[in-house]
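Note sheet for the following structure.
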Amino acid sequence: MKTKNLRTILLGAVLSAAAFTAIAATTGTGVPKDPGPAPFGNWVGVYKFIQPHAGPDGRYYTYTYVTVTGTTQQYCQQQIPSNGNVSVVQSCHLA
């Protein structure tokens, strides 16, 4: 009976050590890795919006394209309006 309990305890210890080793291998030291410096440069995006004009034969629509730039991707995306008349042509990317 003692031998069976000892085997169970040793097997549990070995499995726990193996699980801990596997977790440590995938996460490193448990401290999240620094993603590194943010990419620098200009972020550029393009959107278009409907601009109605009155022509000689009535009303017609044209599109106006706007290029936005920013020092971060978030700032670039904030400059794109979110109303229904706007369509994103090219999302913000590093130029």
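Some observations on this one:
- Residues satisfying the stated conditions in segment 73-95, i.e. farther than 10 Å from LYS48 by Cα, surrounded by fewer than 14 Cβ atoms within 10 Å (Cβ to Cβ) and among the hydroxyl-bearing types (Ser, Thr, Tyr): TYR75, SER82
Results for (1) touching a His at 6+ places or on another chain (Cβ under 7 Å); (2) assigned to a strand (DSSP E or B); (3) farther than 19 Å from LEU94 by Cα; (4) modelled with pLDDT under 65, shown as yes or no for each residue.
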position	(1), (2), (3), (4)
LEU11	no, no, yes, no
PHE20	no, no, yes, yes
ALA24	no, no, yes, yes
GLY30	no, no, yes, yes
GLY41	no, no, no, no
VAL44	yes, yes, no, no
PRO52	no, yes, yes, no
ARG59	no, yes, yes, no
THR64	no, yes, yes, no
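The values are calculated or read from the model by the stated rules, or taken from the named source; none is laboratory data. Everything numeric in this text was worked out from a predicted model, so none of it was measured. Using ideal geometry, Cβ is built from the backbone for each residue, glycine included, and neighbour counts are taken over all protein chains shown.
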